[in-house]
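Notes follow the structure.
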C-alpha cells in the first residue's frame with residue numbers, strides 16, 4: 001500500500017469498500033479526489049462488484065469536506081479546476097450503474113455531506129455526529145454539487161435555508177430530513193453496514209435490475225416525465241433480455257427462490 005494512499009479499496013463478496021483516509025477529519029484534497037476517482041472506476045468495471053460502500057476511516061469523521069489549508073493558499077484557477085474535478089468525480093459515483101451506500105461513521109459536514117449526497121443511500125453510526133453545509137460561514141457556497149443535490153433531495157426552500165443559515169444539526173434531524181435512511185447502533189458498525197449492503201448482492205438480489213432502477217431514477221429525474229418513461233421502457237427491455245430476468249420468472253413459476261447472477 002502506498003504511503004500516500006488517501007483512499008483504500010477492498011472488494012469481497014460482491015461489495016467494494018472505498019474508505020477515505022486523511023486524519024484527523026478525512027478532509028479531501030486534489031490527491032484524494034484523484035484516488036477516489038480511480039476507486040470508483042475500478043468498482044464500476046469490476047463485474048464481480050455489485051454494490052459500493054463508501055465510508056471514512058476512524059470513528060469521528062466520515063469527511064469534513066475540502067482541505068481548507070490547501071484552498072487558502074491556492075490561486076483562483078486551481079480552486080476552480082479543483083471544484084470541477086471534484087464535481088466530475090462525484091457525478092461519476094452518482095451515475096455508476098451500481099448501488100452506492102455512504103456509511104457515515106462520524107461527522108459529515110461541508111463537502112463531506114456533499115460527497116454523501118452523491119450516494120444512493122446513506123446509513124449512519126448512532127452517536128453525536130454533526131451534519132450540515134456551513135460553507136456560507138467561509139464566504140462561499142457548497143460547490144461540490146451541494147446546491148443542486150440538496151435542493152433536489154429536500155426541496156428548494158429547505159435546502160436554501162440550511163445552506164444560508166450555515167449551521168449544523170444532529171443525527172435525529174438528518175433522519176427526519178430524509179438524508180439518512182438507517183441508523184446502526186451496534187458495536188460493529190462496519191459489519192452492520194456490510195450486512196445491510198449484502199441484501200442487494202446476488203444470488204439473493206438481481207443486482208443488474210437494482211443498478212438500472214438507480215439509472216432510471218437518477219437520469220429520469222433530470223428530464224421531462226415522458227422522456228423519463230421512455231428511458232424506463234428502454235431499461236426494462238434490457239432487463240427482459242437478461243439472464244436474471246429469465247431466472248426470476250422461472251423461479252416464480254417453479255415456486256422456488258431465485259438464484260441471481262447479476263447478468
Considering only the chain, percent of DSSP beta bridges that pair antiparallel, nearest 5: 25
Burial order of peptide ranges 23-29, 248-254, 238-244 (average beta-carbon count within 10 Å, highest first): 23-29, 238-244, 248-254
Net length gained if the chain between residue 254 and residue 218 were fully extended (0.36 nm per residue, minus Cα distance): 9.6 nm
Compute the long axis of helix 207-220 from its Cα atoms, compare it with the longest principal axis of the Cα atoms of the chain, and write down the angle in degrees, 0 to 90, nearest 10. 50
On a 0 to 90° scale, report how tilted helix 189-198 is relative to the longest principal axis of the chain, with both axes built from alpha carbons and the result rounded to the nearest 10. 40
Percent RCO, i.e. relative contact order, over the chain, from Cα pairs under 8 Å lying at least 6 residues apart: 16
Could you work out [θ]222 nm for the chain from helices alone, using -39500 (n - 2.57) per DSSP H run of at least four and dividing by all its residues? Round to the nearest 500 deg cm²/dmol. -14500 deg cm²/dmol
Roughly speaking, what % of Cα-Cα pairs in the chain are separated by over 34 Å, rounded to a whole number? 19
Report the label-to-label distance for residue 128 and residue 227 in nanometres (one decimal), using points 7 Å from each Cα along the Cα→Cβ vector. 4.8
Could you give the distance between the Cα centres of segment 87-150 and segment 1-55, to the whole Å? 15
Run the simple label-point estimate for residue 88 and residue 175 please: 7 Å along Cα→C-beta, distance reported in nm. 4.0
By count of other Cβ within 10 Å, fewest leading, how are 208, 98, 79 ordered? 79, 208, 98
Cut-off 10 angstrom, C-alpha nodes, Gaussian network model of the chain. Which of 30, 196, 80 fluctuates the most? 80
Separation of segment 61-79 and segment 233-263 by C-alpha centroid, Å? 46
Could you work out how far helix 76-95 tilts from the main Cα principal axis of the chain, as a 0 to 90 degree angle to the nearest 10? 20
Can you figure out the FRET efficiency of residue 12 with residue 187, using R₀ = 25 Å and their beta-carbon distance, to the nearest 0.05? 0.75
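Only the coordinates and a few stated rules stand behind these numbers; no lab work does. Bear in mind the structure is a predicted one, so any value in this text is a computation, not a measurement. Cβ atoms come from the backbone with ideal geometry, glycine included; neighbour counts cover every protein chain shown.
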